[in-house]
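Colleague: Encoded as structure tokens, here's the structure I'll be asking about.
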Amino acid sequence: MSFASARFTSTLLTAIVGAVLGVGAFSLSAPTERWLAFGGGCAVLVVVALAFLMPRRGALQRALDLPSVLIGVWLIVASRAVESGGAGSSPDAVKWLTLASGAALCGAGLVGLLLHEMGLERDLGRVADDSWTITAIRAREDESSPKPLMIADPDQDALSRTAG
């Protein structure tokens, strides 16, 4: 797997986990929702940890990984604390915590995808500029190279007229 596809995959998975958490917040029962939040938090931690090990990830992308890790840890802690009857143990608290965390993860994933796309656009622009530069240089070389001159031989022209 190339560097660019690994970065794209990790940010896409983060956005998908966030979207699943957001949808699950209002479509599942409270116990299922707590387990979904726990699993989503664990999934985000694993994906971001594996992506963090990738070389050349970039400072901006790594800085974007930090909120994702914090949200993943928050999801794990909140899902377990709410389940054990801790602070805010009402089903509505679970619903809104999961929705907010899912929206934040989805937003972080989408920003990561945007950064990935901007990096690809920049790289492709450089390649395109280079290819246009090479094409322009070759065209100038073709224009500046001396062309063979066709010099008519007056004697041969006279012979060809009388022979024909």
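Colleague: If we sort 28-38, 11-21, 94-104 on the protection proxy, mean other Cβ atoms within 10 Å, highest first, what's the order?
Modeller: 11-21, 94-104, 28-38
Colleague: Once fully extended, how much extra length lies between Ala49 and Ala19, figured as 0.36 nm per residue of separation less the alpha-carbon to alpha-carbon distance?
Modeller: 8.8 nm
Colleague: Ranking request for peptides 55-64, 105-114: highest mean number of other beta-carbon atoms within 10 Å first, then the rest in descending order.
Modeller: 105-114, 55-64
Colleague: Would you kindly state how much longer the chain becomes between Ser29 and Leu120 on full extension, computed as 0.36 nm times their sequence separation minus their alpha carbon distance, in nm to one decimal?
Modeller: 28.6 nm
Colleague: Give me a comma-separated list of calculated 3J(HN,Hα) values for segment 67-74, in order, Karplus coefficients 6.51, -1.76, 1.60 applied at θ = phi - 60°, integers in Hz, x for any Gly or Pro.
Modeller: x, 5, 5, 4, 5, x, 5, 4
Colleague: Another question, if that's okay. In what order do Phe52, Phe26 fall by count of nearby beta-carbon atoms within 10 Å, going from fewest to most?
Modeller: Phe26, Phe52
Colleague: What does the extension gain come out to for Arg62 and Ala93, with contour length at 0.36 nm per residue minus their alpha carbon separation?
Modeller: Extra length from Arg62 to Ala93 when fully extended: 8.1 nm.
Colleague: What residues from segment 1-44 fall in the zone where the backbone N is under 13 Å from a label point 7 Å along the Cα-to-C-beta line of Ala103?
Modeller: 19, 22-23, 25-26
Colleague: What shape does segment 1-122 take by its C-alpha gyration tensor, where a ≥ b ≥ c are the square roots of the eigenvalues and a/c under 1.5 counts as rounded, a/b above b/c as prolate, and the rest as oblate?
Modeller: Note, shape of segment 1-122 comes out prolate.
No lab work stands behind these numbers, since they all come straight from the coordinates. This structure is a prediction, so every number in the text was calculated from the model and none was measured. Please note: Cβ atoms are built from the backbone with ideal geometry, for glycine as well, and neighbour counts cover all protein chains shown.
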